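The values are calculated or read from the model by the stated rules, or taken from the named source; none is laboratory data. Quick caveat, the model's predicted, so the values are computed rather than measured. Counting neighbours? That spans all protein chains shown, and the Cβs are built from the backbone with ideal geometry, glycine included.
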Amino acid sequence: MPNETAAAIEIQIANQSAEKNRMLCVMKNLFEPCQAGQLQLATRIVMAPLTRNRAPHALANALMAEYYAQRANPATGAGLIITEATAISHQGQGYSDVPGIWSAEQVKAWQPVTAAVHAQGGKIVMQLWHVGRISHTSLQPNNQAPVAPSAIVAKSKTVLIENGVPRFEPTSMPRALELTEIPGIVADYRQAAKNAILAGFDGIEVHAANGYLVDQFLRADSNHRQDAYGGSIENRTRFLKEVMTAVTQEIGGGRCGIRISPVTPANDASDASPQKLFEHVAAFLGPLNLAYVHTIEGSTGAARDYQQGETSFDYAALKTAYQQAGGQGAWMLNNGYDSELAKSALNQGADLIAFGKAFIANPDLASRLRQNGPYNTPERATFYGGGEKGYTDYPSLSIS
Ligand code: FNR
């Protein structure tokens with residue numbers, strides 16, 4: 001009998017350690033490869049899109065190539081870089097000195113950037129941007145009013161730079177887009193995706209977050225249209241659906257991602273029922289065979305538990321809605337992540353973690369995450385505009 005008990009205990013221990021090994025096998029870590037659609041990524045560490053306003057005349061330049069190259073080697077930096085938001089048209093621009101991707105000259109200007117990233121063994125996708133109402137007449141073609149789903153001014157500010165000095169300025173009153181203008185904007189997204197590939201990018205991310213044009217269509221508070229693009233959730237999501245259909249048709253779903261921010265109040269974005277709205281969006285995205293879905297949890301750059309509407313947002317339900325609709329793209333999360341939070345998100349099913357401010361200040365973020373710091377502190381004064389100071393001069397561990 002004692003022998004039987006001992007044998008039973010041994011079996012139990014063996015089972016427990018097999019279970020532990022299984023757990024260790026399925027536990028993900030930041031430093032392992034990840035397939036995201038057609039993107040074969042060396043790690044799960046992503047550099048989040050970060051506007052830096054260092055592209056005068058909307059053209060990428062050598063300083064930008066250096067900045068991205070510093071962060072491109074997956075062994076020390078990012079497994080995937082998402083560029084700063086890049087305007088798909090002159091009308092889509094809302095801040096001084098941000099880059100564009102609508103002209104042949106812009107395509108050519110980006111080529112050295114993608115080449116520099118690839119030379120480091122890195123991967124880079126371009127974030128495609130139309131700001132809608134988050135703009136200023138001085139940045140628009142012929143100083144016209146910015147466009148939006150409806151003529152409702154955003155309680156928000158944009159960054160204007162004069163003589164090298166950045167200042168925040170209230171956004172201008174927009175005009176409502178005519179129904180006949182919308183196909184032209186969808187075509188601009190399609191062309192921008194094509195141009196990004198010509199410029200050497202590995203793919204694109206549609207910026208559907210943070211209160212810009214796609215988000216303005218999504219949310220009832222900024223979209224008062226009474227045509228096929230406003231009213232019901234079906235109608236408010238029509239623009240996003242047309243944009244995603246266009247870019248995935250153009251370059252293939254496996255090279256496309258999307259960024260959403262279901263509850264952020266950034267740029268005056270608000271809606272009383274984000275859960276229903278974004279589960280509808282997620283279900284639409286499912287069959288598109290995307291590389292990834294990138295979700296900002298909470299208020300962008302602020303509280304992760306920020307709430308819009310009456311209940312706190314259920315991100316697990318969002319993912320379920322995507323996967324139940326056939327979605328197999330990588331699940332990317334962002335907002336306030338550090339090493340510990342990233343580990344726990346990966347263990348709860350996330351595939352990729354995007355780091356923003358940490359990548360501004362730490363070109364070799366992966367090396368620092370691997371050894372638990374130390375981390376340089378990002379300097380806010382040099383976030384938007386300027387030159388190499390606060391841009392390419394943050395030290396790496398080996399030279400700090
Ligand atoms: C941003 N963010 C941002 N988001 C985006 O989708 N496109 C962009 O171009 C920018 N630009 C940008 C510039 C700067 C200077 C900051 C600080 C932030 C938001 C960013 O990608 C990220 O969501 C937030 O910074 C939160 O992530 P972290 O910083 O907590 O990791």
Suppose we filter 274, 265, 287 for residues that are within 14 Å of the ligand (Cβ to nearest atom), closer than 19 Å to residue 237 by Cα and not β-branched (Val, Ile, Thr); which single one remains? 265
Say we look at segment 335-374 and pick out the residues that are part of a strand (DSSP E or B) and in contact with a Lys or Arg (Cβ under 8 Å, 6 or more places away or on another chain); which of these is farthest from the ligand (Cβ to nearest atom)? 352
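Here's the yes/no breakdown for (1) on the phi < 0 side of the Ramachandran plot; (2) touching a Ser or Thr at 6+ places or on another chain (Cβ under 6 Å); (3) at pLDDT 95 or above; (4) of a type in the set (Ser, Thr, Tyr):
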position: 168; (1), (2), (3), (4): yes, no, no, no
position: 173; (1), (2), (3), (4): yes, no, yes, no
position: 179; (1), (2), (3), (4): yes, no, yes, no
position: 187; (1), (2), (3), (4): yes, no, yes, no
position: 190; (1), (2), (3), (4): yes, no, yes, no
position: 193; (1), (2), (3), (4): yes, no, yes, no
position: 201; (1), (2), (3), (4): yes, yes, yes, no
Please go through segment 228-262 and give me each residue that is of a type in the set (Gly, Ala, Ser) and either assigned to a strand (DSSP E or B) or crowded, with 24+ Cβ neighbours inside 10 Å (or both), ordered by number. 257, 261
I need every pair where a residue in segment 54-79 that is more than 25 Å from residue 39 (Cα to Cα) has its Cβ under 7 Å from the Cβ of a residue that is among the acidic types (Asp, Glu) and buried (at least 20 other Cβ atoms within 10 Å of the Cβ), sequence separation at least 6 or different chains. 54/97; 55/97; 56/97
Restricting attention to segment 301-309, does a residue exist that is within 15 Å of the ligand (Cβ to nearest atom), in contact with a Lys or Arg (Cβ under 6 Å, 6 or more places away or on another chain) and assigned to a loop (DSSP other than H, G, I, E, B)? no
If you take just the strands (runs of 3 or more DSSP E) that sit entirely in segment 127-227, which of them hold at least 3 residues that are among the β-branched types (Val, Ile, Thr) and touching a residue at least 60 places away in the same chain (Cβ under 8 Å)? 157-162
Is it the case that residue 281 is of a type in the set (A, V, I, L, M, F, W, C), part of a helix (DSSP H, G or I) and on the phi < 0 side of the Ramachandran plot? yes
Within segment 263-314, considering residues that are closer than 12 Å to residue 335 by Cβ and in contact with a strand residue (DSSP E or B) (Cβ under 7 Å, 6 or more places away or on another chain), the one surrounded by the most Cβ atoms within 10 Å (Cβ to Cβ): 294
Condition first: among the acidic types (Asp, Glu) and within 15 Å of residue 283 (Cβ to Cβ). Now tell me which residues in segment 295-338 satisfy that. 314
